[in-house]
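Chemist: Take a look at the following structure, please.
The values are calculated or read from the model by the stated rules, or taken from the named source; none is laboratory data. Here the structure is a predicted model, which means the values were calculated and not measured. Positions of Cβ are backbone-derived with ideal geometry, glycine not excepted, and every protein chain shown enters the neighbour counts. SASA here: full protein model, heavy atoms, side chains in, ligands and nucleic acids out. Shrake-Rupley method; radii C 1.70, N 1.55, O 1.52, S 1.80 Å.
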Amino acid sequence: MKQILSLLILSIFISFSCKKEPSKESQTNNNMCYITNWEESNVSINYAYDANDRIITENITKGSGAYVLPAKRTFNYKSDRITVNELPSNTTYDLLLSSNRVVEFSFPSAWNDYSKVEYSSDGYVTKISNYYKTDNKLYHTKEFKYQNGNLISVIATGGIGTPNQYTETYSLEYYQDRKAIEGVDFALNKFIMPDWYLSDYFTPFQLPVSFFGGGSGNLLKAVRFPHGGEYFSFTYDFDKNDKVTKITYIDKRNAVKIVNLSFNCK
């Protein structure tokens, strides 16, 4: 399976704990910390931030197995959109904003579709609907269910309007005694992406997740798929300050993947 479109917003993919405004990828402890490097076996990502603590650059060094990733991403912020530029292809695309949340987006890999995002009154993503650009026809939805501040299930409905319409439910589990890494919501990032169901990877910054409302409050433990008993499982190593320094996860092919994280703390 291919790697998630460039890690953007692990959004940009940037996420957050419940109901917080966009900020640096940081971890809850006595200091404000933000991720400076994400290191896997065949991918290394270095992050840079602006004076408002928003990610502005991802420099990506990749091996042969990460061919879908760009070498660099830049993010330009305006009141109504985030414009992402990928190099060396010089591909540009927008994440449209309303009240500082992403409400519509489309990625280069999904050339014929776009997505609209709905939120609950308390700031969590509740639904993402995918439409064809050619005729604005709805063909796929994902509904997000939360409990105790964590995303616990995603209900995906595909083939809408056809005889082959289907519904699948993905369930998620958490370590209740461990707080999430602020700025890194693996689950939200994965299920936001249009090709989330194709990937064996949980790389983080493909989108600035913090612009997608509230994130789960606890560390992700497992994601269970609707067919064949497939699941991802996660374990973590911590430093003396309880900051996550290493993530080990087993994908649905039972392959073990290790991620090392570096932080800069104030």
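Chemist: For segment 226-266, which residues satisfy the criterion of being under 30 Å from Lys142 (Cβ atoms) and assigned to a loop (DSSP other than H, G, I, E, B)?
Modeler: Correct list: Pro226, His227, Gly228, Gly229, Glu230, Asp251, Lys252, Arg253, Asn254, Ala255.
Chemist: For segment 67-76, state whether one or more residues are assigned to a loop (DSSP other than H, G, I, E, B), at pLDDT 90 or above and not basic (Lys, Arg).
Modeler: no
Chemist: Note down all Cβ pairs under 8 Å where the first residue falls in segment 52-63 and is on the phi > 0 side of the Ramachandran plot, the second is not polar (S, T, N, Q), and they're at least six residues apart or on different chains.
Modeler: Asp53/Pro22; Asp53/Lys24; Asp53/Tyr34
Chemist: Within segment 171-188, is even one residue over 17 Å from Ile247 (Cα atoms), among the hydroxyl-bearing types (Ser, Thr, Tyr) and either touching an Asp or Glu at 6+ places or on another chain (Cβ under 7 Å) or at pLDDT 70 or above (or both)?
Modeler: Yes, segment 171-188 contains a residue that is over 17 Å from Ile247 (Cα atoms), among the hydroxyl-bearing types (Ser, Thr, Tyr) and either touching an Asp or Glu at 6+ places or on another chain (Cβ under 7 Å) or at pLDDT 70 or above (or both).
Chemist: Take the residues in segment 234-265 that are in contact with an Asp or Glu (Cβ under 9 Å, 6 or more places away or on another chain) and either polar (S, T, N, Q) or surrounded by fewer than 15 Cβ atoms within 10 Å (Cβ to Cβ) (or both), then tell me which one is nearest to Gln147 (Cα to Cα).
Modeler: Filtering segment 234-265 for residues that are in contact with an Asp or Glu (Cβ under 9 Å, 6 or more places away or on another chain) and either polar (S, T, N, Q) or surrounded by fewer than 15 Cβ atoms within 10 Å (Cβ to Cβ) (or both), the one nearest to Gln147 (Cα to Cα) comes out as Thr248.
Chemist: How about segment 224-266: which of its residues are among the aromatic types (Phe, Trp, Tyr) and closer than 28 Å to Ala156 by Cα?
Modeler: Within segment 224-266, Phe225, Tyr231, Phe232, Phe234, Tyr249 meet the criteria.
Chemist: Sticking with this structure for a sec: Could you run through segment 86-102 and say how many residues are of a type in the set (S, T, N, Q), at pLDDT 90 or above and in a strand (DSSP E or B)?
Modeler: Matching residues across segment 86-102 total 1.
Chemist: Continuing with the same structure: Would you please name the residue that is modelled with the highest pLDDT, looking only at residues in segment 30-45 that are among the polar types (S, T, N, Q) and either out of contact with any strand residue (DSSP E or B) (no Cβ under 8 Å at 6 or more places or on another chain) or open to solvent by 70 Å² or more (accessible area, probe 1.4 Å) (or both)?
Modeler: Initial filter on segment 30-45 (among the polar types (S, T, N, Q)): 30-31, 36-37, 41-42, 44.
The next check asks that each one be either out of contact with any strand residue (DSSP E or B) (no Cβ under 8 Å at 6 or more places or on another chain) or open to solvent by 70 Å² or more (accessible area, probe 1.4 Å) (or both); those that pass are 30-31, 41.
Numbers: Asn30: 39, Asn31: 53, Ser41: 81.
In this case the residue turns out to be Ser41.
Chemist: Next up: Do you know which of the residues in segment 73-82 that are of a type outside the set (A, V, I, L, M, F, W, C) and under 17 Å from the mean Cα position of the chain (by Cα) is most open to solvent (accessible area, probe 1.4 Å)?
Modeler: Here the answer is Thr74.
Chemist: Continuing with the same structure: State all residues of segment 107-145 that are of a type in the set (Phe, Trp, Tyr), in a strand (DSSP E or B) and open to solvent by less than 60 Å² (accessible area, probe 1.4 Å); if no residue qualifies, say none.
Modeler: Residues satisfying the conditions are Tyr114, Tyr119, Tyr131, Tyr139, Phe144.
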